[in-house]
Amino acid sequence: MSPTSAGVLFIASLMVALAAAYAPVGDYLYRVLTGARHSRVERGVYRVVGVNPDGEQTWSGYARAVLAFSAVSVLFLYVFLRLQNHLWLSLGRPPVRPDQAWNTAVSFTTNTDWQSYAAESTMGHLVQMAGLTVQNFASAAVGIAVAAALVRGFARSRTTLVGNFWVDLVRVCLRVLLPVAVIGALLFVAAGAVQNLSAGRDAHTLAGATQHVPGGPVASQEVIKEFGTNGGGFYNANSAHPFENPTAWTNWLQVFLLMVVAFSLPRAFGRMVGDNRQGLAIAVIMAILAIGSVVAVNAFQVAHRGTVPQAVGAAAEGVEVRFGVPQSATFAAATTLTSTGAVDSVHDSYTALGGAIPLANMMLGEVAPGGTGSGLYGILVLAVITVFVAGLMVGRTPEYLGKKIGAREVKLASLYFLTTPALVLVGTGAAMASTWARASMLNSGPHGLSEVLYAYTSAANNNGSAFAGLTADTSWYNTTLGAVMLVGRLLPILLVLGLAGSLAAQQPVPPSAGTLKTHQPLFVGMVVGVVLVLVALTYLPALALGPLAEGL
Amino acid sequence: MSTMAPKVPPVAQLPPPRGPDRVRGGLLDPRQLIRSLPDALRKLNPATLRRKPVMFIVEIGSVFTTVLAMLHPTVFAWLTTGWLWLTVVFANLAEAVAEGRGKAQAETLRRANRATVARRLRGWRPGDGGSGDGRNGDGRGDEEAVPAQLLRPGDIVVVEAGDVIPGDGDVVEGIASVDESAITGESAPVIRESGGDRSAVTGGTKVLSDRIVVRITQKPGESFIDRMIALVEGANRQKTPNEIALNILLAALSIIFLLAVATLQPLAIYSKSVQAFASDTEALTRHGVSGIVLVSLLVCLIPTTIGALLSAIGIAGMDRLIQRNVLATSGRAVEAAGDVNTLLLDKTGTVTLGNRQANEFTPVDDVDEKVLADAAQLSSLADQTPEGRSIVVYAKQRYGLRERQIHCATWVPFRAATRMSGVDLDEDGQVRRIRKGAAGAVLKWVRDNGGHTSDHVATVVDGISASGGTPLVVAEARQDRPARALGVIDLKDVVKTGMRERFDAMRRMGIRTVMITGDNPLTARAIAAEAGVDDFLAEAKPEDKMALIKREQEGGKLVAMTGDGTNDAPALAQADVGVAMNTGTSAAKEAGNMVDLDSDPTKLIEIVEIGKQLLITRGALTTFSIANDIAKYFAIIPAMFVAVYPGLAALDIMRLHSPTSAILSAVIFNALIIVALIPLALRGVRYTPSSAAALLRRNLLVYGLGGIVAPFIGIKLIDLIIQLIPGI
């Protein structure tokens, strides 16, 4: 099979699998998020935590719960990292430096999994298992919980209640994430991923050198890394490492896992608002953007005009030969389209425009399909903005799913939309103005600028992938990127929950022939257009001096 | 016993029904632009401009570039600065032109509001001066002259032919024809009379004949005309909910672009420093992008087009209503009109021509047709309602019965309680009583008077009802004989022409029309079917109307209705859009949030269209404004950085003359497009009632796609011209 047809097969089979999973996974998520019954284990958890699982929260109560949970998570993880030398299975590693501990604690709590360290040489096994991996579950569940609260805002009327955060969190962890993580881990072990508590062993290479081969609980972390759109690898090489991603089919499975929840959540949304067509429309919006992006990265990587790429048939630099160029390009697109950030190739080595697409994917605001939960609430906020403009154009006070989009809703949606660009642009601007921060760039010129822009874009959008090249383990980047990740995660969540509250309180307007139909191709196309235009308008000046200057 | 025919006012002429013509606005006179220029310059005052955040940013930028241009004067700097200032002026011009149209109208109204002297009556009691001549001693004795400004609510004034009515109020006695052209522009006089639903008079209008006693209901300075002046001048114009929401979105976009432009500077400085070979340009030196270019980029990106035209759109929308003789108390009401889901329309006068006409006499139970016709005519001779007169006319046309003077007759007027009218005749000492009215009422009367009713009557009545007619049963009772039903008069409602098309259009817009009628359900159904309304409320009492409105609103729907009577007032207040007829009572006018000076209930349909048009215009220009940015990027970004990264020339797809000409062209286009769109803002986007999908498709195509393409062409054309300027 030629590399190209292998690539096409890879993409086509992924699309088929995701389309097939859409309804069953979405329906399952719907049942998890709306079911009335609690399992015995869940009841036990609620009793231990001291939560009444049948009492719902207002949006502000929900928001306080999210904030409290996140604060405790960051604090716990920070302390964990700082005290790692005292812990069991620390492998003799020293405590993590304060700035790096802060960065890492925030990074894993916010579902970003930006890693300014090489995990296999910095973290002990217990920290990886009980600290980082726990957050891989929790942060993914928080995203889905917040999305569920927003959807309840659309689905409910004349109520102040948007759900119970603790119930959402526990159910998503226990009923969705854990089972898949356990079964998936077995699959990965079967494929050759390592799963042990060994400190590693020394191997002698053919050339006679000695190489340390670190072992650890890799497979158990690998599945939730992708399934929860986290992306923080056990090894520095992430999914390019054979112990994490042993074969071509695990590579396929990783891409599938990192997209499946985000692509299926719209189905749950449609079920919850009582109109499956609405969910399908959102999924189609995501799919159009995703397919466009996958095709673009592949095109730029395969059909590059450079001398070397033409000689070898594609831009193969930085690409893991086990997977090949198309599969790596697709992985790169998928990991940045979702807020995963795992990598199986080095984005920094991509062609200028090929590397610009992952960057642009994140700039979309992680909505195509985005992270677990965060993708759904992100695209719904963008749909709200689109509905506002489109609704005016059909001559009515704009309404989405019967809920009026008035001043309060527009304010919350606008602030949501403003947050990440503000963080990315101010962060990048500040870094480029500081000689200190500029010193971290591997390359100078537009490529170096792209590295910095990529770092802040990745952090603000809670992606966590790195362009590489940039030496991010400095106190400047650890501190600022940590702050950017935290604000980029929590501020939008607060705005989304506020939106949920204001929508839930409304009395829905019954649809009529004069109502904008938000499930029709016209609207789908318009949302796609609005997303692309807003992103282009926001980031074009910065992109012009980075990848565009390099690639044109 | 009286033989005097009751004095019945002539029926006010309703304006002819308008055809289904579409909302149009006045054309823009270029002279208006010049006339409004001083106002536009006055609006440069930052205190005024602060209310429009987008334009305020442009003004601050303009001040900044002016300083820069003075420090480093170049042709490019001064030209750019000049055009940036023009951008602000053009925005102000749009608002000034929109306001200017109202000012002329306010001027006319002020003339009507001149100080008048009122003849206040003291100690007036009902009946004092209402005998028609009004010259009895009591009424005149306590009269005093006071300036109209000193009138207080509750004061009683008398107004005679030739006098100007000193203030808003209700006629408590008398009847007069009044010239209301000062407010309605309609020269035909209208009738105002005490009691009933045509009792409201407006200060500043002129009594043409007769004499009326008016109870003042408004404080001076708060009169209808005062409010109208404030309204057309837009003195205390409040932003509407959608306008506020849109302003928030525009502010958010402006902030994003502000950030994008501000954070570009360190990136540019870095890029310039690593490409040391690149020569300095007017746009970019090693100190970064020049302030003028940064401001130009910012002004081009922030949504200036919609930001400049937003307030003009709102003012013009209100103005379009006023041009149609509709006064809205707030812009909020106009916006709500666009959102209306349910339209309650009174059958009479709105759906039908208002006067039902006799169409057929159907005798029952072997009664001779002539006998029925005779009785019908007799009972209607004194009946001055349009229906009553149509019976007399029909009897004459069909049966040759002439009108006659009847003596020794007592007219029994129609009363809501009895639901019938008629006449008691003294025929050679024998009393003959004739009644006509609603079937149930008359048949009960027959039974009460010893008669019995046959099924035949019911069959005929049902037949007429089913066909949409109004059955009036005629019965008589002669002395010593049981009463009997003679037959049934078929009164036919005439549906106005063109109504079906309008209701079809409403349906396409997603608006449900509900016809309100006092008719029985059968009649109502037939007329509803003939007129093409979606639903009807039969045998409606005022409280039924209220209940219907509340029921609709509970389902989240917005309801619009028209009304004129005092008993409509609660419903008018409850409805989201309540249009009171100018002929109505002041209670109705107070309760509604709009007043139709033409008193044309079908106007509601136009009001809905104007409301929609207002929102569409805002949405369309917002889309256009944002879509424009794409082309501006293609002009400015390569112009800024092509010296550093020659590859970016690929983005210069318009092949503009030079970097400076590219930036200047974008700025000029940005300013000129505002002027070019002023007429559209004032007139409103073309609106044809159609489904949401069709509207969106069309507007996206015209203003979205058009907004992307137009600036590419415009900027290129401007560039072709300004490249001739030396130094650009």
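Tabulated values for the structure
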read-out	value
Number of the exception - B:MET228 against (1) at pLDDT below 80; (2) assigned to a strand (DSSP E or B)	(2)
Residue tally, condition within 17 Å of A:ALA466 (Cβ to Cβ), among the hydrophobic types (A, V, I, L, M, F, W, C) and out of contact with any helix residue (DSSP H, G or I) (no Cβ under 7 Å at 6 or more places or on another chain), over region A:200-259	2
Any hit, region A:315-324, residues being within 14 Å of chain B (Cβ to nearest Cβ) and either part of a helix (DSSP H, G or I) or not hydroxyl-bearing (Ser, Thr, Tyr) (or both)	no
Subset of region B:496-555 that is touching a Phe, Trp or Tyr at 6+ places or on another chain (Cβ under 8 Å) and among the charged types (D, E, K, R) - its residue that is farthest from A:GLY514 (Cα to Cα)	B:ARG525
Single unsatisfied condition, A:THR518 versus (1) closer than 15 Å to A:ASP348 by Cβ; (2) surrounded by 24 or more Cβ atoms within 10 Å (Cβ to Cβ); (3) within 14 Å of chain B (Cβ to nearest Cβ)	(1)
Index of the failed condition, B:ILE653 passing every other in (1) surrounded by fewer than 20 Cβ atoms within 10 Å (Cβ to Cβ); (2) within 30 Å of B:GLU609 (Cα to Cα); (3) among the hydrophobic types (A, V, I, L, M, F, W, C)	(2)
Selection count, region A:438-483, where residues are in contact with a helix residue (DSSP H, G or I) (Cβ under 7 Å, 6 or more places away or on another chain), in a helix (DSSP H, G or I), aliphatic (A, V, I, L, M) and more than 10 Å from every other protein chain (Cβ to nearest Cβ)	4
Neighbours by Cβ (under 7 Å, 6+ apart or cross-chain): first from region B:255-268, under 18 Å from B:VAL58 (Cα atoms) and facing chain A (nearest Cβ under 7 Å); second polar (S, T, N, Q) and part of a helix (DSSP H, G or I)	B:ILE256/A:THR538; B:ALA260/A:THR538
Members of region A:383-400 that are among the charged types (D, E, K, R) and over 20 Å from A:TYR416 (Cα atoms)	A:ARG396
First in region A:28-41 and in contact (Cβ under 8 Å) with a residue 12 or more places away in the chain, second anywhere and surrounded by 15 or more Cβ atoms within 10 Å (Cβ to Cβ) and in a loop (DSSP other than H, G, I, E, B), Cβ under 9 Å, 6 or more apart	A:HIS38/A:PRO53
Residue that is surrounded by the fewest Cβ atoms within 10 Å (Cβ to Cβ), among those in region B:426-442 that are under 50 Å from the mean Cα position of the chain (by Cα) and within 18 Å of B:VAL371 (Cα to Cα)	B:ARG433
Total residues in region A:212-256, condition assigned to a helix (DSSP H, G or I), of a type in the set (Gly, Ala, Ser) and within 18 Å of the chain's Cα centre (by Cα)	1
Test set (1) more than 27 Å from A:LEU258 (Cα to Cα); (2) within 21 Å of the chain's Cα centre (by Cα) - A:ASN461 fails condition number	(1)
Residue check, A:THR397 in contact with a Lys or Arg (Cβ under 7 Å, 6 or more places away or on another chain), within 14 Å of chain B (Cβ to nearest Cβ) and modelled with pLDDT under 90	yes
For A:THR372: the one exception among (1) closer than 29 Å to A:ALA333 by Cβ; (2) within 11 Å of chain B (Cβ to nearest Cβ); (3) in a loop (DSSP other than H, G, I, E, B); (4) hydroxyl-bearing (Ser, Thr, Tyr)	(2)
Failed condition for A:THR538, given (1) surrounded by fewer than 21 Cβ atoms within 10 Å (Cβ to Cβ); (2) of a type outside the set (D, E, K, R); (3) facing chain B (nearest Cβ under 7 Å); (4) in a helix (DSSP H, G or I)	(1)
Cβ pairs under 9 Å, 6+ apart, first in region B:692-707 and at the interface with chain A (Cβ under 7 Å from one of its Cβ atoms), second among the charged types (D, E, K, R) and in a helix (DSSP H, G or I)	B:LEU695/B:LYS612
Residues that are more than 7 Å from chain B (Cβ to nearest Cβ) and closer than 23 Å to B:ALA693 by Cα, drawn from region A:493-515	A:PRO511
Identity of the residue in region A:400-427, touching a residue at least 12 places away in the same chain (Cβ under 8 Å) and β-branched (Val, Ile, Thr), that ends up nearest to the other protein chains (Cβ to nearest Cβ)	A:VAL410
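Rundown of residues vs (1) buried (at least 24 other Cβ atoms within 10 Å of the Cβ); (2) of a type in the set (Phe, Trp, Tyr), yes/no style:
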position: A:GLN310; (1), (2): no, no
position: A:PHE331; (1), (2): yes, yes
position: A:THR338; (1), (2): yes, no
position: A:ASP348; (1), (2): no, no
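The values are calculated or read from the model by the stated rules, or taken from the named source; none is laboratory data. The structure displayed is predicted, hence computed values, not measured ones. Note that we place each Cβ from the backbone using ideal geometry, even for glycine, and neighbour counts take in every protein chain shown.
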